[in-house]
Each structure stands twice: as structure tokens, then as C-alpha cells.
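Chemist: Can you keep this structure in mind? I'll have questions shortly.
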Protein chains: 2
Amino acid sequence: MARPLIQLALDSLDKEQTLKLAKLAAPYVDIIELGTPCIKYNGLDIVKAVRVQHRDKLIFADLKTMDAGYYEAEPFFKAGADITTVLGTADFGTIKGVIDVANKYGKQAQVDLINVEDKAHVAKEAARLGAHIIGIHTGIDQQLAGKTPFADLQALLSLGLKVKVSVAGGINQSTVEQVAATKPSIIVIGGAITGAKSPAEAARQISVLVEAVAIRAGA
Amino acid sequence: MARPLIQLALDSLDKEQTLKLAKLAAPYVDIIELGTPCIKYNGLDIVKAVRVQHRDKLIFADLKTMDAGYYEAEPFFKAGADITTVLGTADFGTIKGVIDVANKYGKQAQVDLINVEDKAHVAKEAARLGAHIIGIHTGIDQQLAGKTPFADLQALLSLGLKVKVSVAGGINQSTVEQVAATKPSIIVIGGAITGAKSPAEAARQISVLVEAVAIRAGA
């Protein structure tokens, strides 16, 4: 079995800190995510800066677009982002706009199910519209209230949609194997790497744990 | 009767164009809004630039925050924004975070009801949490599908909540008097000014029409 891709979520506002963490963790991750607060704070420049330093990684711009889908996402794809996000709580016209502009540039649109009430309905409709990735996402404010993404992930995977599934929300070394065993396409790790004493070592541990699950499943 | 405030929504991505339009329309508007795509494209700098040029206007940063409310909004209030927005489809913990940080800086949080299904429920809860402004908002992608904000505005105003009400969504010279007559606190005008041959003249016309309604109501 192909192992899930590992996505590093960068939520610092500081540009230099963001670039430093990306560099430290890069050998062990597949996708570098620029978080929503980081993009709003730094603008398009942060995407360009990461693109220059990491030609071999996928770049994920977490725009969380809610309106004007095509218009808002286009400059980010042009600047080198490989994936941008649109909110599952947005109008389907907005979701369609982000999918359309992703296809125009041969890139990918991710529909983020954060705080979506009827996740199955939105996931099915997003898949029908051609979304490339659907993201199960327990937000930071929801994590603070004790929530986790695990049950939602199982429910989404059980729909068997022909679309990649990404999962995010406080995943760390003690939970990543359980998550990897459910075979999502992408596992997002934020604080467990960026908040670690050694981000590089934390990223390495995560990558080993994810690969261990894949080896076990293939055995 | 106090007339509604007029808010100019700036949705260009280009910094110079944004500053130029703000300057042209400024004499006739009360609030200068930096649109979501403009902020994601330019970052915090665009707020600082408008703050420097318009000390006497309210600055509205349309963050459309969906997660990490306090964290995402704080730098914008510090940089001079007077109002930031949080999505009504966000977790109430996120909405509370933006309200808290707005209060910390003596500023205002607006809850944007764009694409919220049960608008009355979210509006009541947002008011209870202390939201300063609630925004009725027909998005650009929804406008393209023929929708308008007028019925939603009436429904929200009829709740009689102790909170300011803002309305946005394709309002122009032919509809602004009808909107002003319902007595919202804030009327948002975008394309009718920014897309006009003379943005200054369009803004002047809007301001005259809004004042005319107030004079008629007071007579």
C-alpha cells in the first residue's frame, strides 16, 4: 500500500520562522502547508518564498475561501501553490469556482469540511463537482474544546467516494498510527512538529510511524 | 434619524488600485473595507497602508475568519483595523475569540451570515456572545446566481436584536434607497462605486441617496 502523504501545517505569523520550520521538516514531509493566519498576515509573498526554497514539495495554501472562489484562488495557483482550500460551508458555486481554477492550472482544490453540519452531503456534492481532495478538519478552536477528527474521518472514508481524503486536527506521535491505519491520502501535522523541541526530529518520528503502518499493512 | 454609515468594499488585488479607489471615494464614505481576496493577496501591509492615508475613517478588514479567531484577528486590530469579520458558519468558540480580541483593543467584531442556513439562530447566539455587528451578506458567487440580500435583511431586522446590522451584496444607486429605508446601521457598496466610470461621483450619488432617505424619515 502507498503510504499517506504527510503535510506540515505552518501556522506561525512570522515569515522567517515559517521558512525556518519548513526547511527543518522538509526532508520528512511531502506537502508544506501555509496556514490561513500566515497567509492573511503575509499575503501571496509567503507562497512565493516557500516555492523558491522547495521546488520538490507540494505547496498547500490554506485559503479557506468562502466567496469569489475563482478570483481569490487564481493568483495563488499562479504563484506556485499546488493545492488551495475552499470551505465546505461555502456556496457550491464558490466551491465550483475553486475546482475550475485548479483544473485550469493542473492543480488541486481541497474542500475543507470544518464545521460543516451535514458532512456526508457536502462531501458527496463536492466529489460530484470534481473536488480533488476532501478534508476532515477539527479546527484549533474546536481542539481547545476537546474535539478530535477521528470519528468524522471514519464516517467520510466509509462513503467510499472517488476522491482523496485528508485529515487534520491535533494529530501527533501517539495518534498518527491509528489515523494512518484508516488509509487517508494525506495526514496533516501541525503543532506536534512545529511546537516540538526539535521539529526535524518530530517530523522524522512521524514519517517513521506512518511508514511503519504501511509496511505492516503490506506484510 | 441617524443615517446608515456607508462602507466602501475594495476587492481589487492590486495595492495601488486599492489605495487609489479609497482616496477617490473617501470623502463620501464612512468605512473603508479591504476585501478578503485583497487581504490574502497583500497581507497585513494593505491595512497599514490604508490606515496611514485615512486617519479619520473606520477600517474594515474582511478576514472572514473560520478558525483560530483570536490569533488571526489580533494582528489586524493592532495594525489599525477597526472592524474584522468572522464567519457565521464558524464554531461559536471561533466567533467568541474574535469578539474577545476586538474588545481587548476597543474595536468591533462583525459576524458575517454569508451562507448561514439558520440565520436567526446564529444571529441571536452571536448577539448573546457580544458581537458588535451582524452582517447580512449575499456573496459575489451568489449574486452571479441572481440572489439579493433584501429578504434576509428584513428577516434579521425583524428579530430586533441589540446589535448593529450591516448589509452587503450588489447594492447600487437603484436599490440603496430601498435598503436605507429599512434602517440598517451600515450599507456596503462595492462594484457600484469601484466599477463606475467615476468612482468619486458614484460614491457621492450613493451618499446623497442615503441622506435623502434619512431626511425624508425625519421630516
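The values are calculated or read from the model by the stated rules, or taken from the named source; none is laboratory data. All values derive from a computational prediction rather than experimental measurement. Heads up, the Cβs are rebuilt from the backbone with ideal geometry, glycines too, and the neighbour counts pull from every protein chain shown. These area figures cover heavy atoms from the full protein model, side chains too; ligands, DNA and RNA do not enter into them. Shrake-Rupley method; radii C 1.70, N 1.55, O 1.52, S 1.80 Å.
Chemist: Looking for whichever is more than 14 Å from the chain's Cα centre (by Cα), surrounded by 15 or more Cβ atoms within 10 Å (Cβ to Cβ), within 14 Å of chain A (Cβ to nearest Cβ) and part of a helix (DSSP H, G or I) here; the options are B:Gln205, B:Gln143. Which one fits?
Modeler: Checking each option against the conditions leaves just B:Gln143.
Chemist: In addition: Mind listing whichever residues of the stretch B:1-29 are assigned to a loop (DSSP other than H, G, I, E, B) and within 23 Å of A:Asp67 (Cβ to Cβ)?
Modeler: B:Pro4, B:Asp11, B:Ser12, B:Leu13, B:Asp14, B:Val29
Chemist: Out of all the residues in the stretch B:187-197, which are among the aliphatic types (A, V, I, L, M) and either surrounded by fewer than 22 Cβ atoms within 10 Å (Cβ to Cβ) or within 14 Å of chain A (Cβ to nearest Cβ) (or both)?
Modeler: If the condition is that a residue be among the aliphatic types (A, V, I, L, M) and either surrounded by fewer than 22 Cβ atoms within 10 Å (Cβ to Cβ) or within 14 Å of chain A (Cβ to nearest Cβ) (or both), then B:Val188, B:Ala192, B:Ala196 are the ones that fit.
Chemist: Quick check on my filter: what residues within the stretch B:34-45 are facing another protein chain (nearest Cβ under 8 Å) and hydrophobic (A, V, I, L, M, F, W, C)?
Modeler: Of everything in the stretch B:34-45, those that are facing another protein chain (nearest Cβ under 8 Å) and hydrophobic (A, V, I, L, M, F, W, C) turn out to be B:Ile39, B:Leu44.
Chemist: Right, here's the next one. State all residues of the stretch A:1-20 that are over 24 Å from A:Ala73 (Cα atoms) and surrounded by 23 or more Cβ atoms within 10 Å (Cβ to Cβ); if no residue qualifies, say none.
Modeler: Passing the criteria: only A:Pro4.
Chemist: Picking from A:Thr65, A:Thr85, A:Thr89, which residue would you name as being within 12 Å of chain B (Cβ to nearest Cβ), open to solvent by 10 Å² or more (accessible area, probe 1.4 Å) and of a type in the set (S, T, N, Q)?
Modeler: A:Thr89 is the lone residue from the list that is within 12 Å of chain B (Cβ to nearest Cβ), open to solvent by 10 Å² or more (accessible area, probe 1.4 Å) and of a type in the set (S, T, N, Q).
Chemist: Among the residues of the stretch B:151-173, are any touching a helix residue (DSSP H, G or I) at 6+ places or on another chain (Cβ under 8 Å), of a type in the set (S, T, N, Q) and either farther than 23 Å from A:Gly69 by Cβ or more than 14 Å from chain A (Cβ to nearest Cβ) (or both)?
Modeler: yes
Chemist: Hey, another quick one. Taking the stretch B:127-140, which residues are farther than 18 Å from B:Gln154 by Cβ and either assigned to a helix (DSSP H, G or I) or touching a residue at least 60 places away in the same chain (Cβ under 8 Å) (or both)?
Modeler: Result: B:Arg128, B:Leu129, B:Ile140.
Chemist: Going by the conditions given, is B:Lys57 at the interface with chain A (Cβ under 8 Å from one of its Cβ atoms) and of a type in the set (Lys, Arg)?
Modeler: No.
Chemist: State which residue is nearest to B:Asp82 (Cα to Cα) when the search covers only the stretch B:38-55 and only residues that are open to solvent by 10 Å² or more (accessible area, probe 1.4 Å) and in a helix (DSSP H, G or I).
Modeler: Filtering first and then ranking leaves B:Arg51.
Chemist: Suppose the filter is surrounded by fewer than 23 Cβ atoms within 10 Å (Cβ to Cβ) and within 14 Å of chain B (Cβ to nearest Cβ); does A:Tyr71 pass it?
Modeler: For A:Tyr71, the condition - surrounded by fewer than 23 Cβ atoms within 10 Å (Cβ to Cβ) and within 14 Å of chain B (Cβ to nearest Cβ) - is met.
Chemist: From (1) within 12 Å of another protein chain (Cβ to nearest Cβ); (2) under 30 Å from B:Phe92 (Cβ atoms); (3) part of a helix (DSSP H, G or I); (4) touching a strand residue (DSSP E or B) at 6+ places or on another chain (Cβ under 7 Å), pick out the condition that doesn't hold for A:Gly97.
Modeler: (4)
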